[in-house]
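A short write-up of the structure that comes next.
None of the figures in this text is laboratory data; all of them are computed from the coordinates on show. Keep in mind that what you see is a predicted model, and the values were worked out from it rather than measured. Here the Cβ positions follow ideal geometry from the backbone for every residue, glycine too, while neighbour counts run over all protein chains shown.
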Amino acid sequence: MRGKRFWAIGATLLTATLLAGCSTSAGGTEGSGTGTVKMVSWPGPEGDAMAKVVAAYNAGQGKKDKVKVDVVLLSRQDTFTKETALMASKSSNMDIYWTASYNVGQYAPSLDPLDGIDTSSYFPVAVDGLKYKSKLYALPLDVSNHFLLYRTDLIEALIKDPVASAEYEKISQSVLGEARAPKDPQSWDLEDFKAMAAYFSKSDNPKSPTEYGTILQAKNLLYNTMIWNDVLWGYGGNWAKDGKANLDSSAAKKAVSLYADIYKNKWTSPDSSQAEFPETQAALQAGSAAFAIQWSAAFASLNDPAQSPQVAGKIGIAPVPGGKTHVHALAVSLNKYSKNKAASKRWLSYLATEGAMSKYAEAGGIPAMPKVLEAKASLNPAFTKVSETIAKNGYAEPVFPKTFEAYSKLAEDLSGAWVGQTPVDDALKTANTDLQELLG
Amino acid sequence: MALTAGQRKKTAASVLLSLPLMAFALAFIVYPLLAGGLTAFQASTIFDQSGSFNGIQNFIALFRSDGFAKSAGFTVGFSAIVVTIEMVLGFGLALLLNRTFPGKKLFFTMILLPIMVAPALLGIMFRLLLNGDIGAVPALLHGMGLSVSLFSPSSVVPLLVVLDVLQWTPFTFLIIYAGLQSFPGELLEASAMDGAGPFRSLVHVIMPVLKPVLFAAFFLRTIDALRTFDVIYVLTAGGPGTSTTTLSIYIYKAAFESGDFGKAAAAALVVLVCLIPFVPFIVKRIASTGIEAQR
């Protein structure tokens, strides 16, 4: 009997101890306004740049504020996974989370809105993308958008050579049903993109200097939905119209069909069914594709002779054909369950200054402040283009609680159709139904 | 019957010594299982962390979704193919290396290399090696006059099978090889004296004796194959579409992309419940000795 009681008490104590260890925080507090602030970051150019801003703050303004910022680097792939787990357990371990336009709606229940921060220096589209139910839940940090990156030598040669131009007209007649003259990529529309993809592919033009015209990023990946969205928006489409899913539109059908045509006609590598950022870089660096819609961060490394010896100096930058580019901002947000909110806000206020963002740009980041980008244009030739393009062509997808899931779901529903594995209409029907469900 | 002082001391010591293991089991096996099981019956999402009880709603949502059935179908088919190939190749390699020949140690080491690499790392390695533009394998194939797109929708599933076989055949080989090392040689001698040839000895002597070992290898590999995640997630993320989505990828996406922990836990619980009935069957066979099987 005594033995049984011993075991029961022991088991209860052990369970209580275990559960206490796994217990969740009841809610955040303002704290003393001083002390250590723990912030999540991820490795890569943004994390490296942020580390330098943090070091500058800790050595200067931070001492006056009596606040020290500790950066916790998580892996690039799993940052959001780990943050989701922390949020689910209402953890107060981190004071500031690493967030982005595409997940701020999903994370909003675990974040505090950032009131009283002057956002007038930021790109309005970056700020809008971080608002949920009219409240700002994150501070824009690094801005990302897309460009058409192309081989200047190949396009110039085509435009200058009458024989090549005649061949292009012939191919465009066959592909588009109308003969087009080759144009400067700065003024391409999506039909030029398609005809050029055919012209620079050996499957349609055996004399092409490249194996494939372009490389599509068609892997089942949420970031690839963002690139495909440029085509959708470029054709005049949108995810939703009047609050209803709008992927049964003719624009959506044209956008998926463009990908499927390019893939099925071998104007992109068959391997592009599993391609994302690195594969696109590899294709451009190896000279096997003449152009691609790619992320802004790619331009500098493609023109760096050390990283891209074959093509450095031959890569041009132009707006995405169709004139629309997705814009998202990597951002930082305040954990609702933080025990040190006052100190965290001091750090965030510093981060929102042009001085802090100038340091961020100098350290290799692309801050979401147009003035800083203009002032630091000498650091990165893409800065001016980013500034111009975001102001003129940038759009942000609708922000709703399940935006993050919507990106993933659309990649899942459409990636088969992008590579001709699923009929376009079937894929769009499924995607529209799923999107409607997510929109609520 | 009362225990003597010595027996009581011994019992207390055994309880004390097993406490760390019990604490470990409670913390890392029992608690997560119970918490997961509980979550499966809760409305637990990233939007609603109240954890309110919602009956079998998560299971209804799960069985209504196309994705779960498709990923289950792919996982079962993929596992059946890879485990079969790995068992056959592992057995063949074990028989081959169960004899002495020059360079055996080097060959042995080479065979074991793939299981020493973390699966996610292996995925990243192959993503580079098989890349059509910068990868060594396509370049080699191109040099031989072969033009194959290893990541195209038609070749991606066979590619995943090959990679799994490449990584996990050494595992089945190692287990079967260990079994062969303790194989009673007199049985083979006796069968040879009875006039049995190599094939007959293999089928009627070696295989029955090694049955528990073969079952152990089969069981461990099947369980592992049904949980496949890393390499496929790194290489295809479950696509194109959902054509290479395994159950683990489905569960991961439900939890961390959709933020629906209840549905993810329900899916995990369903998988667990489906697997549990096989455990006693397999354990019984692993526990029986090969000699018994021969009788």
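Hey, quick one: spin label on residue A:426, modelled 7 Å out along Cα-Cβ, who in the stretch B:221-245 has an amide N within reach, i.e. under 15 Å?
Answer for the stretch B:221-245: B:240-244.
Shielding of A:74-83 by partners, i.e. mean partner chain Cβ atoms within 10 Å per residue?
Per-residue shielding by partner chains comes out at 1.
Report the calculated FRET efficiency for residue A:120 and residue A:75 (r = Cβ-Cβ distance, R0 = 60 Å), to the nearest 0.05.
0.95
Can you give the direction-averaged projected area of the convex hull of the alpha-carbon atoms in chain A, in nm²?
Orientation-averaged projected area of the Cα hull: 26.0 nm².
Quantify how much of the Cα-Cα distance distribution of the protein assembly as shown extends past 46 Å, in percent.
Pairs farther apart than 46 Å: 32 percent.
Which whole-percent values make up P(r) of chain B when all C-alpha to C-alpha distances are grouped in 10 Å steps starting at zero?
Result, from short to long distances: 5, 19, 24, 23, 17, 8, 2, 0, 0 percent.
In what order do B:87, B:193, B:207 fall by count of nearby beta-carbon atoms within 10 Å, going from fewest to most?
Going from least to most buried by this count: B:193, B:207, B:87.
Taking each residue in A:97-107, count the Cβ atoms of any other chain within 10 Å of its Cβ, then average. What number comes out?
Numbers: counts 0, 0, 0, 0, 0, 0, 3, 0, 1, 6, 3.
Shielding by partners across A:97-107 averages 1.
Once label points are set 7 Å from the Cα along Cα→Cβ at both residue B:16 and residue B:148, what is their separation, rounded to one decimal in nm?
6.3 nm
Enter the Cα centre distance for the pair the stretch A:46-64 and the stretch A:117-156, rounded to the nearest angstrom.
Each part reduced to its Cα centre gives a spacing of 23 Å.
Suppose R0 equals 56 Å; then what is the FRET efficiency for residue A:312 and residue B:190 from their Cβ-Cβ distance, rounded to the nearest 0.05? Before the final figure, lay out the partial values.
Working: r = 73 Å, r/R0 = 1.30.
Computed FRET efficiency for residue A:312 and residue B:190 comes out at 0.15.
For the residue pair residue B:52 and residue A:354, what label-to-label distance in nm results when each label sits 7 Å from Cα along the Cα-to-beta-carbon direction?
5.0 nm
In nm, to one decimal, how far is the modelled label at residue B:137 from the one at residue A:59, with both set 7 Å along Cα→Cβ?
About 4.7 nm, to one decimal.
Could you compute the FRET efficiency for residue B:106 and residue B:281, with r as their C-beta to C-beta distance and R0 at 41 Å, rounded to 0.05?
Given R0 = 41 Å and the Cβ-Cβ separation, E is 0.55.
For the stretch A:382-394, in order, what is each residue's ³J(HN,Hα) by Karplus, 6.51 cos²θ - 1.76 cosθ + 1.60 with θ = phi - 60°, in whole Hz (x at glycine and Pro)?
6, 4, 5, 5, 4, 4, 4, 5, 5, 5, 8, 10, x
Quick one: of A:66/A:341; A:244/A:385; A:241/A:429; A:38/A:82; A:38/A:371; A:63/A:131, which pairs are farther than 22 Å apart, Cα to Cα?
Result: A:244/A:385; A:38/A:371; A:63/A:131 exceed 22 Å.
Which ³J(HN,Hα) values in Hz, rounded to whole numbers, follow from the phi angles of the stretch A:290-305 under the Karplus curve 6.51 cos²θ - 1.76 cosθ + 1.60, where θ = phi - 60° and Gly and Pro get x?
Whole-Hz 3J(HN,Hα) from phi for the stretch A:290-305: 8, 6, 6, 7, 9, 5, 4, 5, 6, 4, 4, 6, 6, 9, 8, x.
Before rounding to the nearest 500, sum -39500 (n - 2.57) across all DSSP H runs of length at least 4 in chain A and divide by the residue total; then give [θ] at 222 nm in deg cm²/dmol.
One gets -14000 deg cm²/dmol as the mean residue ellipticity at 222 nm.
Can you list the aspartates and glutamates whose alpha carbon is less than 18 Å from that of residue A:409, not counting same-chain residues fewer than 8 positions off?
Reachable aspartates and glutamates: A:230, A:248, A:276, A:397, A:425, A:426, A:434, A:437, B:66, B:257, B:260.
Expected output is a single nm value to one decimal: the length gained when fully extending between residue A:91 and residue A:374, i.e. 0.36 nm times separation in residues minus the C-alpha distance. What is it?
So the extension gain works out to 97.9 nm.
Mind checking the dipole of the protein assembly as shown: about its Cα centre, +1 per Lys or Arg Cβ, -1 per Asp or Glu Cβ, Debye to the nearest 20?
2760 debye
Run lengths n ≥ 4 of DSSP H only: what is the helix-derived mean residue ellipticity at 222 nm for chain B, with -39500 (n - 2.57) per run over all residues, to the nearest 500? Numbers along the way, then the final one.
On the way: 16 runs with 199 residues, N = 295.
Helix-only estimate at 222 nm: -21000 deg cm²/dmol.
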